[in-house]
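Chemist: Have a look at the structure that comes next, please.
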Amino acid sequence: MCGIVGYVGSKECTEVLLNSLSKLEYRGYDSAGIAVFENGEIKTRKAKGKIADLVNKMEKEGTLSGHCGIGHTRWATHGEPSDVNSHPHGNANVTIVHNGIIENYKKIKEFLVRKGYTFESETDTETVAKLLDCFYEGNPLQAIQRVIDEVEGSYALGIMFKDYPDRIYAVRKDSPLIVAVGEGESFIASDVPAILKYTKNYYLLDQDEIAILKPDGVEFYDDHGTRIKKQMHIADFDEEAAKKGNFPHYMIKEIHDQPSAVKTTITPRITNGMPDLTECGMTYDRLKSYENIFVVACGTAMHAGLVGKYVIEKTARIKVTVDVASEFRYRDPILSEKDLVILVSQSGETADTLEALRLAKRNGADTLSIVNVKGSSIARESDMVLYTHAGPEISVASTKAYMVQLSVFYLIAFALAYANEKITEDECRRLVAQLQEVPDQIEAIVAKPDDCQYVASKLVNTENLLYIGRGLDYALSMEGSLKLKEISYIHSESYAAGELKHGTISLVTEEMPVIAVATQRELFDKTISNVKEVKARGAYVVLVTHEGKDVDPDAADCVITVPSIDDLLMPMTAVVPLQLIAYYTSVLRGNDVDKPRNLAKSVTVE
């Protein structure tokens, strides 16, 4: 969840570290810090708050100058956000930055206290820094090997030893870390966007592999200390793709990116008008072999999975179970070699989803990952992978990642339905053709945000609201509610509209907003009946439906329409106004849209 960076080369180190950290601040912004070799000593600067707070502090205390250093932007786990709990941690001999959680840090701390060490912070990271110091006898590689034999948990570490002022050491287990190389310079980073200004060439570290960064290149070693060779990767997007451009926030830019992201994701997987997933080995024969499908994900990705469940079961008539990854791991699921487990994650590094993948593999199930980041841990460990070609998503609140995950689920559903002879070839072609129309429809919605801005102006002072819907609309309402609460801080909940009378309607008061989604034709009248129930109790009702539908003017205070398409595909268009409502509400409330409080983009710890 935290972001770490490191640099060795001829450039001014502080400038590179701060620039790279700014590209990772979506991973955490409770505090920030850097450590730089200056005049043969490791010197640090760190501060509670965002990177801007660190810069302000350095302007007062003095910046650091050198050509080798490490940096960190923190999402707090052990210890509250504070200057002293900020990374880097260590002493004059060894200094580190860390992303992850050390589970046995208390045991290590007790051992070190007996050795005479004292501790300043509340972090688990400080124990690793001092354990390295304890084990260090002049050979950094051996000290690192001893440490990774002792620690339990997840980690990506950037390490500096005073005796080696032109080197950075790095190692990872379960937390993401890349090693990049440029002309006469080397980098480490938690994610590719951090290094795109300087290079597109990078390596992926595997579990417990150690990298040594020097100005003239990088060396790699396995956990036994044996030198190894690694395959170089080249980033398939550039720095411009990771910038806001002329948009005020990444979130609104990424909402506008959705049409092209969907096109880029589905076009290579449609051949002669039919879904084609053979790139990952998902042939029609293989699709026919599965008895049960499990979808495992967290947050927004799980909501995409709920839509996938509805569509797969409706079209292919195969049972689908959707699980929150953290629950799937611990409920001892019944799996067999006849099952398919689909793992969904934007980053491909979500800790609970990664562990769920490993559990599925241990039980013999086939695994298919839907991820956005090439070479990520989930992608590498899955039997099959379908990449969502969304490009970088920087805003913590996911929009285009959700949209491309939906588009992949539709292709899977249509392919499954056709393979199992639940729909004809003609029907499959019709559905695929409708899916190909979605990007243009999204573009039309995004181009006319006025109604969404008006609704946001009505929500800006509320503290509670409800989302309601039936069927696919209910699954969609869950995502709309999450978007609003995570960036506006308004308490919102989503309920199946048919459940209102079973308790929830007691929450409806005069002028309380209720956002109702009614895009499913066979359920429309029933949903409108529920809308009238809340309206009769004084609710301020916003209705999202499709064009051409006659709506009783007494049923809703505001009606937002989206282009009409097959009911199965309505979630892809109807989610856009829900995203826009959340965005504009957050803006009007004066919140930091891209960096909502207490949240981080990629949850790489439990």
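Values quoted throughout were computed directly from the atomic coordinates according to the rules given, and no laboratory measurement underlies them. Owing to the predicted nature of the structure, the values given are computational and were not obtained by experimental measurement. Reconstructed Cβ throughout: ideal geometry from the backbone, glycine too, with neighbour counts over all protein chains shown.
Chemist: Compute the acute angle (0 to 90°) between the alpha-carbon long axis of helix 13-22 and the principal axis of greatest extent of the alpha-carbon atoms of the chain; round to the nearest 10°.
Modeler: 20 degrees
Chemist: Radius of gyration and Dmax for the stretch 151-239's Cα atoms, expressed in Å?
Modeler: 12.7, 37
Chemist: How long is the stretch 260-353 along each principal axis, judged by its Cα atoms, biggest number first, in Å?
Modeler: So the extents along the principal axes, rounded to whole Å, are 43, 31, 23.
Chemist: Determine ³J(HN,Hα), in whole Hz, for all residues of the stretch 484-489 in sequence, where each value follows from phi through the Karplus function 6.51 cos²θ - 1.76 cosθ + 1.60 and θ = phi - 60°; x replaces Gly and Pro.
Modeler: For the stretch 484-489, the Karplus curve yields 5, 5, 6, 10, 9, 6 Hz.
Chemist: While we're here: Out of the GluC sites (Glu not before Pro) in the stretch 303-338, which ones are loop residues according to DSSP with at most 15 other C-beta atoms within 10 Å?
Modeler: Glu337
Chemist: Given the convex hull of the Cα atoms of the chain, what is a quarter of its surface area in nm²? Please list the in-between numbers first.
Modeler: Working: hull surface 110.9 nm².
So the Cα hull casts an average projection of 27.7 nm².
Chemist: Could you list the square roots of 5 times each eigenvalue of the Cα gyration tensor of the stretch 450-588, that is, the equivalent ellipsoid semi-axes, sorted largest first and rounded to whole Å?
Modeler: Details: eigenvalues 76, 63, 38 Å².
Semi-axes, largest first: 20, 18, 14 Å.
Chemist: Name the long-range amide H neighbours of Tyr467: under 5 Å, sequence gap of 5 or more, or other chain; modelled H, no Pro or chain starts.
Modeler: Under 5 Å from the amide H of Tyr467 lie the amide H atoms of Glu493, Ser494, Tyr495, Ile515, each far enough along the sequence or on another chain.
Chemist: Of all beta bridges DSSP finds with both residues in the chain, what is the antiparallel percent, to the nearest 5? Please list the in-between numbers first.
Modeler: Details: 62 of 104 bridges.
So the antiparallel bridges amount to about 60 percent of the total.
Chemist: Now, a different point. Test of understanding: ordering Val151, Val5 by Cβ neighbours within 10 Å, fewest first, what list do you get?
Modeler: Details: Val151 21, Val5 30.
Fewest to most other Cβ atoms nearby, the residues stand as Val151, Val5.
Chemist: For the stretch 90-123, which chymotrypsin sites (Phe, Trp or Tyr not before Pro) pass both filters: DSSP loop (anything but H, G, I, E, B) and at most 11 other C-beta atoms within 10 Å? Mind dumping the intermediate values first?
Modeler: Details: sites: Tyr105, Phe111, Tyr117, Phe119; in loops: Tyr117, Phe119.
Answer in residue order: no site qualifies.
Chemist: Which ³J(HN,Hα) values in Hz, rounded to whole numbers, follow from the phi angles of the stretch 413-430 under the Karplus curve 6.51 cos²θ - 1.76 cosθ + 1.60, where θ = phi - 60° and Gly and Pro get x?
Modeler: 4, 5, 5, 4, 5, 5, 4, 8, 6, 8, 9, 7, 4, 4, 5, 4, 5, 5
Chemist: Taking the 0 to 90 degree range and rounding to the nearest ten, how far is the long axis of helix 299-316 tilted relative to the main principal axis of the chain, both from C-alpha atoms?
Modeler: 40 degrees
Chemist: Using modelled amide H (1.01 Å from N, peptide plane; none on Pro or chain starts), what sits under 5 Å from the amide H of Ser175, excluding residues fewer than 5 places away?
Modeler: Tyr155
Chemist: Sticking with this one: Dividing the Cα radius of gyration by the Kirkwood radius, what Rg/Rh value follows for the stretch 3-242?
Modeler: Numbers: Rg = 16.3 Å, Rh = 17.4 Å.
Here the Rg-to-Rh quotient is 0.93.
Chemist: Across the stretch 548-556, in residue order, what do the Karplus-derived ³J(HN,Hα) couplings come to in whole Hz, using 6.51 cos²θ - 1.76 cosθ + 1.60 with θ = phi - 60° and x for Gly and Pro?
Modeler: Result, ordered by residue: x, 8, 6, 10, 4, x, 7, 7, 9 Hz.
Chemist: Still on this structure, I have one more. Can you list residues whose amide H is under 5 Å from Tyr540's amide H, if they're 5+ apart or on another chain and H is modeled 1.01 Å from N?
Modeler: Result for Tyr540 returns Glu511, Met512, Val514.
Chemist: Moving on. In which sequence would Met232, Met160, Met282, Met302 go, from the one with the fewest C-beta neighbours within 10 Å to the one with the most?
Modeler: Values: Met232 13, Met160 27, Met282 24, Met302 20.
Least crowded to most crowded, the residues run Met232, Met302, Met282, Met160.
Chemist: Continuing with this model, one more query. Could you line up Arg589, Arg167, Arg114 from fewest to most neighbouring Cβ atoms inside 10 Å? All intermediate terms of the calculation are to be shown ahead of the outcome.
Modeler: Details: Arg589 16, Arg167 19, Arg114 8.
Ordered from fewest to most neighbouring Cβ atoms within 10 Å, Arg589, Arg167, Arg114 come out as Arg114, Arg589, Arg167.
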